[in-house]
Amino acid sequence: MSGTSAALTPPADAVAPVRHPDAPAPGEPLGAHYEHCFGCGGEQPHGLHLESRAGDGVRVSAEFTVRPVHQGAPGLAHGGVLATALDETLGSLNWLLRTIAVTGRLETDFARPVPVGTVLYLEAEVTAVAGRKIYCTATGRIGGPEGPVAVRADALFIEVKVDHFIDNGRPEEIQAAMSDPDQVRRSRAFEVNP
């Protein structure tokens, strides 16, 4: 990425990321971490409905179709929506580390316009880990996984405890998620905050 800030450069003592042994297998769909998430949740009528899959190593791929509700300029995706798609994809990486983490910094480059009706193909990977800091990068391509790059981002995620969500979220939604009888859905609601 051009012009990446020093805050997104891993320190000299950073280590290579290690995929957790219980991480989803390569090719496995990750599903929504929370049904009301704007990025991946199915309960958001205007959300991205981003679909992510685990990749090899500490990588994920995802895609979403730019719909008319996602446009900024006539017929083109809104830049904030594209940044959200990158952030959501980058956040999905934490499932492979089995870490609860939130976005600390996101720097995005917009290389070309993305028309409404386009399927945006996204790929992300963790590049380094330093303590609670997780460094990662992503690209979004038009027309297929080998298509021209439209957007790219570098990000820093920070590992947090589940209390981060409990202490800062809206109480009624936190309680609803914590009361879900499905233990898997209950724990996944707090896995990532992309």
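Return only the number of the condition from (1) out of contact with any Leu (no Cβ under 7 Å at 6 or more places or on another chain); (2) among the hydrophobic types (A, V, I, L, M, F, W, C); (3) over 24 Å from P145 (Cα atoms) that L50 does not satisfy.
Every condition holds for L50 apart from (3).
So, of the residues in segment 36-56 that are open to solvent by 80 Å² or more (accessible area, probe 1.4 Å) and over 12 Å from the mean Cα position of the chain (by Cα), which turns out to be nearest to Y135 (Cα to Cα)? Working first, answer last.
So the first thing to find is which residues in segment 36-56 are open to solvent by 80 Å² or more (accessible area, probe 1.4 Å), and the list is 36, 38, 43, 45-46, 51, 53, 56.
Restricting the remaining residues to those that are over 12 Å from the mean Cα position of the chain (by Cα) gives 36, 43, 45-46, 56.
Values: H36: 26, E43: 30, P45: 31, H46: 29, D56: 17 Å.
That would be D56.
So H46 fits all but one of (1) more than 18 Å from E125 (Cβ to Cβ); (2) of a type outside the set (D, E, K, R); (3) part of a strand (DSSP E or B); what number is the exception?
(3)
Given the conditions (1) in contact (Cβ under 8 Å) with a residue 12 or more places away in the chain; (2) in a loop (DSSP other than H, G, I, E, B); (3) more than 14 Å from N94 (Cα to Cα), and given that V69 satisfies all but one, which numbered condition is not satisfied?
Condition not satisfied by V69: (2).
Just to be sure I understand the filter: pairs with C-beta atoms under 6 Å, separated by 6 or more residues or on different chains, first member in segment 90-117 and more than 18 Å from L48 (Cα to Cα), second member open to solvent by 20 Å² or more (accessible area, probe 1.4 Å) and among the polar types (S, T, N, Q). Which pairs pass?
Between residues of segment 90-117 that are more than 18 Å from L48 (Cα to Cα) and residues that are open to solvent by 20 Å² or more (accessible area, probe 1.4 Å) and among the polar types (S, T, N, Q), the close pairs are V102/N193.
Show the residue pairs that are 6+ apart or on different chains and have beta-carbon atoms under 8 Å apart, the first residue being within segment 10-33 and farther than 19 Å from R53 by Cβ, the second being loosely packed, with under 15 Cβ neighbours inside 10 Å.
From segment 10-33, the pairs are P10/A130; P11/A130; D13/A130; A14/A130; V15/A130.
If you go through segment 20-34 one residue at a time, do you hit one that is assigned to a strand (DSSP E or B), of a type outside the set (D, E) and under 18 Å from G147 (Cβ atoms)?
Taking segment 20-34 and keeping what is assigned to a strand (DSSP E or B), we get 29.
Now drop any that are not of a type outside the set (D, E), which leaves 29.
After this cut, where a residue has to be under 18 Å from G147 (Cβ atoms) as well, the list is none.
No.
The values are calculated or read from the model by the stated rules, or taken from the named source; none is laboratory data. In this text, all values refer to a predicted model and were calculated from it rather than measured experimentally. With ideal geometry, Cβ positions are generated from the backbone for all residues, glycine too; neighbour counts draw on all protein chains shown. The area values use the complete protein model at the heavy-atom level, side chains included, leaving out ligands, DNA and RNA. Shrake-Rupley method; radii C 1.70, N 1.55, O 1.52, S 1.80 Å.
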